[in-house]
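To start, the structure itself, in structure tokens.
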Amino acid sequence: DVETTSTDAMRADLVGLGVAWAPGEAAYIPLAHVEGEQLDWGMVKEALQPFFANQTTPKLAHNGKYDLTVCLRHGLGVDGPIHDTMLLAWLIDPAGRALGLKAQAAALLGWQMTELTQIIGSGRKQVTIDQAPMQQVTAYCGADVDATLQLYDLLAPKVQEAGLWSLYETVELPLLPVLTDMEMAGILLDVDYLADMSSKIGARLGELQDEMFKLAGHEFNLRSTQQMSKVLFAEMGFPTRGIAKTSSGQYSTAVSELDKLLAMRSELSADQQRLLELIVEQRQLEKLRGTYIDALPGQVNPATGRIHTSFNQTGSSTGRLSSSDPNLQNIPIRTDLGREIRRAFVAPPGWLLISADYSQVELRVLAHVAQEPALIDAFRADQDIHAATAARLFGRPIEEIDRHQRGLAKTINFATIYGSSAFGISARTDMDPKQAAQFLDQYFVTYPKIREYIGATTAQLHRDGYVQTLLGRKRFFPELKESRLPFNQRAALERAAINAPIQGAAADIMKLAMIRLHERLRAGGYRARMLLQVHDELVLELPPEEKEDVVALVREVMCNAYQLDVPLKVDVEAGPNWYDLEKAG
């Protein structure tokens, strides 16, 4: 366990190092405290390096990615398996949020451990740990490493008993150093491009404001929900049918309520329609500018000149990775402007970025787990799966399917993955609930094995209290034990259970691909390296002379990460940034 000056592993200074080798036997090595006798880091590294670099000696930490990053940044090489008690706790309870060391020690060991704020303070009086009394830090860190060691002895057998050890050993354990390397690599950001983008959005926001004031007949505070409500409903006479009210009694102008007004478009005047369009655009632009365009430059690490997101291995209950500081999973790609933010993520001068994206991986997993012959055949024939579904649903040749029919088929294909009902499909299409129910029935006639999969998964959920992926990852649903669970909550849990084995298997496949690609790139001596993982996409940077070999390697590894009854397909593109990409290989 490292003690540092920051929670950001890429900016933290190393203050001390705690080690434990048996329950109750631990030591603290002070390195950079303001007061007290310190040990020389060069001497400490020399003494510790043989143990930390030994490939056969397992290491153990809680949230080990942080400790590993700090050690590597400060020149201590670490090799061999790095076990992580946080990962073990998460595998047993993937929906749990009390995964911190203190919470786990309280729950499993009955320990009430000292909180960090008790040592360094809080608020304005907070200091960094190098300024705290060394004796207190020694006891604090010693307890941390001792607890970690004892938690491992309790958690490892639980993971084995739950049948999750193979998943841990083959996926989560080897992924930790891969994610560490990706986080440390970071990605280059074109700050000037974002500044120019911010300036253009500012000008557009000014135009929108002027037009809104003109339509309203006066100026008002666009950020005041009360003033906005007064303009819309009291002054301009927008319909209030079905519109929720705030706690202060005003009609709400939240996004969900604006969507209701948009659905009443036929009842609105031309001025009302235009004002609604302007409000929606203004809010989208403000959100993009505040969350990404103006915020991202402030997250560039001054030492590296790059953005270093954190990949959260325990961030979801299905096994999907999430990212934070900044969250690159949420950059909107459904709007032109949102996609253009990706242009700011660039390759170093003279280098290239590669984007490798799994094509419809969740639908491919669905075809495999459901063993639906029609879907399997369509994927094996490399057909447009949504057009192929539409052809079966509408009883027409695939070449005669129009955009609208394909769109309906796409909606129901993905709705099935998420366990949607007829009502849910109705909300996403122009069909009423009755038509949607008929359409869903026709879908299950077309793909009967999918109905069987949904039935079998729901039955397993109620029988065992969990569902699982192809690799054995389990999603538990203890809430189902509540006898008075409302129908809508029970239905939501069932929908989540239908989706979990599919989304979880897709996540497992991506993780296997990342582990193997990381190994192959290192073994091949390539300078290419993985930088980002976003949903079903991997982003790498590389020198142009490696492009042909690495594109072929990426496609080979990702397509063969896991053997399904349908082929895995990967779209690979290359270019100078994350937006301007062209098909590669």
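The values are calculated or read from the model by the stated rules, or taken from the named source; none is laboratory data. What you see is a predicted model, and the numbers here were worked out from it, not measured in a lab. In this analysis, Cβ positions are derived from the backbone assuming ideal geometry, glycine residues included, and neighbour counts consider all displayed protein chains. All accessible areas refer to the heavy atoms of the entire protein, side chains included, with ligands and DNA or RNA removed. Shrake-Rupley method; radii C 1.70, N 1.55, O 1.52, S 1.80 Å.
Let me make sure I get this right: for the range 174-295, a, b and c are the square roots of the gyration tensor eigenvalues over alpha carbons, sorted descending. Under 1.5 in a/c it's rounded, otherwise prolate if a/b > b/c, else oblate. Which is it? Here the range 174-295 falls in the prolate category.
Starting from the Cα-Cα distance between Arg283 and Gln435, subtract it from 0.36 nm times their residue separation and give me the gain in nm to one decimal.
That works out to 51.3 nm of additional length.
Can you count the Lys pairs in the range 1-160 whose Cα atoms are under 21 Å apart, with each pair 8 or more apart or on different chains? For the range 1-160, the number of qualifying lysine pairs is 6.
Here each label is just a point 7 Å from Cα along the line to Cβ, and for Asn54 and Asp402 those points are 7.2 nm apart. Between Asp580 and Arg334, the simple spin-label model (points 7 angstrom out along Cα→Cβ) gives 2.8 nm. What the range 115-158 shows is 54 Å² of accessible area per residue, with the surface traced by a 1.4 Å probe over protein heavy atoms.
Remark on the range 338-460: Rg and Dmax equal 17.5, 57 Å (Cα only).
Scalar couplings 3J(HN,Hα) for the range 165-172, obtained by applying the Karplus form with A = 6.51, B = -1.76, C = 1.60 to θ = phi - 60°, are 5, 4, 4, 4, 6, 9, 10, 6 Hz; x denotes Gly and Pro. The trypsin sites (Lys or Arg not before Pro) of the range 96-129 that meet both conditions, a loop assignment by DSSP and at most 15 other Cβ atoms within 10 Å of the site Cβ, are Arg97. Here the label points at Lys569 and Glu115, each 7 Å from Cα along the C-beta direction, are separated by 5.3 nm in the simple model. Positive contributions from Lys and Arg (+1) and negative ones from Asp and Glu (-1), summed over other residues with Cβ under 15 Å from the Cβ of Gly217, come out at -2.
Karplus-based coupling profile of the range 542-550, in residue order and whole Hz: 6, x, x, 5, 8, 4, 4, 5, 6, with θ = phi - 60° in 6.51 cos²θ - 1.76 cosθ + 1.60 and x standing for Gly or Pro. Cα to Cα, under 18 Å, and not fewer than 8 places away if on the same chain: which lysines meet these conditions relative to Lys547? Cross-link targets: Lys583.
In percent, rounded to a whole number, the relative contact order of the chain is 15, using alpha-carbon pairs under 8 Å and six or more apart.
Taking only Cα atoms, what is the 0 to 90° angle, nearest 10, from helix 270-288's long axis to the longest principal axis of the chain? Tilt relative to the chain: about 10 degrees.
Cross-link partners for Lys449 among the lysines, with Cα-Cα distance under 26 Å and sequence neighbours closer than 8 places in the same chain left out: Lys410, Lys434, Lys474, Lys569. Heavy atoms of the protein chains alone define the surface here; on that basis the range 192-290 has 56 Å² accessible area per residue at 1.4 Å probe size. For the set Thr56, Thr117, Thr389, Thr314, the ranking by accessible area, highest first and with no ligand, DNA or RNA atoms included, is Thr56, Thr117, Thr314, Thr389 under a 1.4 Å probe. Accessible surface computed residue by residue for the range 447-549, with neighbouring protein chains in place and a 1.4 Å probe, gives 47 Å² per residue. Between the range 50-125 and the range 433-484, the alpha-carbon centres lie 36 Å apart. Residue by residue, the range 39-45 carries 3J(HN,Hα) couplings of 9, 6, 4, x, 5, 5, 4 Hz when phi is fed to the Karplus relation 6.51 cos²θ - 1.76 cosθ + 1.60 (θ = phi - 60°); x denotes Gly or Pro.
Here Arg490 sits with roughly 60 square angstrom of accessible surface, probe radius 1.4 Å.
Run the paramagnetic zone check for Glu37: 7 angstrom along Cα to Cβ, then residues of the range 124-152 with backbone nitrogen under 19 Å. Only 133-139 pass the distance filter.
Computed in the context of the full set of protein chains, the accessible area of the range 125-229 at 1.4 Å probe radius has 49% of its extent on carbon or sulfur. Amide H to amide H distances under 5 Å link Ala53 with Asp79, where only residues 5 or more positions off or on other chains count and H is placed in the peptide plane. A helix-only calculation puts the chain at -15000 deg cm²/dmol for mean residue ellipticity at 222 nm, using -39500 (n - 2.57) for each DSSP H run of at least four residues, averaged over all residues. Remark on Lys569: its backbone amide H falls under 5 Å from those of Ser359, a criterion applied only to residues 5 or more positions apart or on other chains, H modelled at 1.01 Å from N.
Cross-chain or 8 or more residues apart, Cα under 25 Å: how many lysine pairs in the range 180-292 fit that? Count them up, please. Value for the range 180-292: 11.
Of the options (i) 200; (ii) 145; (iii) 225, only one is volume of the Cα convex hull per residue in Å³ as computed from these coordinates, and that is (i). Distances between placed amide hydrogens fall under 5 Å for Leu352 paired with Leu542, all partners being 5 or more residues away or on another chain. Surface composition of the range 399-510: carbon and sulfur atoms hold 52% of the protein heavy-atom accessible area at a 1.4 Å probe.
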